[in-house]
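This report refers to the structure that appears directly beneath it.
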Amino acid sequence: MNGADILIWINGNMVGSQRDVTLDEATAEIDMSSKDERERRVIGGRYSANISLDALYVPSDTAYPALKAAMRNATLVEVVRVEEGAVLESANAVVTSLSEKGPDQDAATVSIGLAIDGAWVSGS
């Protein structure tokens, strides 16, 4: 699959001019070992998911102001993951970071960090 076929939408609007997206999922381990055995025993603990997204800075992009407002007001946004034009899953998220980069003689970009609140919902 081409990475260009994986897109992130925020509050019903596609984040414009996406260049890179990373989806990280993790499960913390809980150590259930005891003195009875030498081997370590673990079970799954808290689940977490994060998204980091880079895009070209496009002032007219409708998703970016929504992200900025959510960041400044500490409100959740709806994140939708789309692959090859089909909705794969959705979740609510808090915007954890937002930065703009304006290098000399190069494209202006934005970097966005999102922490998923709760679970992903398939096909929503």
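Just so it is clear, none of the values below were taken in a lab; they were calculated from the coordinates. Note that the structure is predicted; figures quoted are calculated from it, not measured. Note that we place each Cβ from the backbone using ideal geometry, even for glycine, and neighbour counts take in every protein chain shown.
Adding -39500 (n - 2.57) for every DSSP H run of four residues or longer, then dividing by how many residues the chain holds, sets the calculated 222 nm ellipticity at -2500 deg cm²/dmol. Let me make sure I get this right: for the chain, a, b and c are the square roots of the gyration tensor eigenvalues over alpha carbons, sorted descending. Under 1.5 in a/c it's rounded, otherwise prolate if a/b > b/c, else oblate. Which is it? Cα axes put the chain in the prolate bin.
Okay, which of the range 46-66 sit inside 12 Å, backbone N to the point 7 Å along the Cα-Cβ direction of ALA108? It comes to 56-61, nothing else. The Cα center of the range 72-87 and the Cα center of the range 1-62 differ in position by 13 Å.
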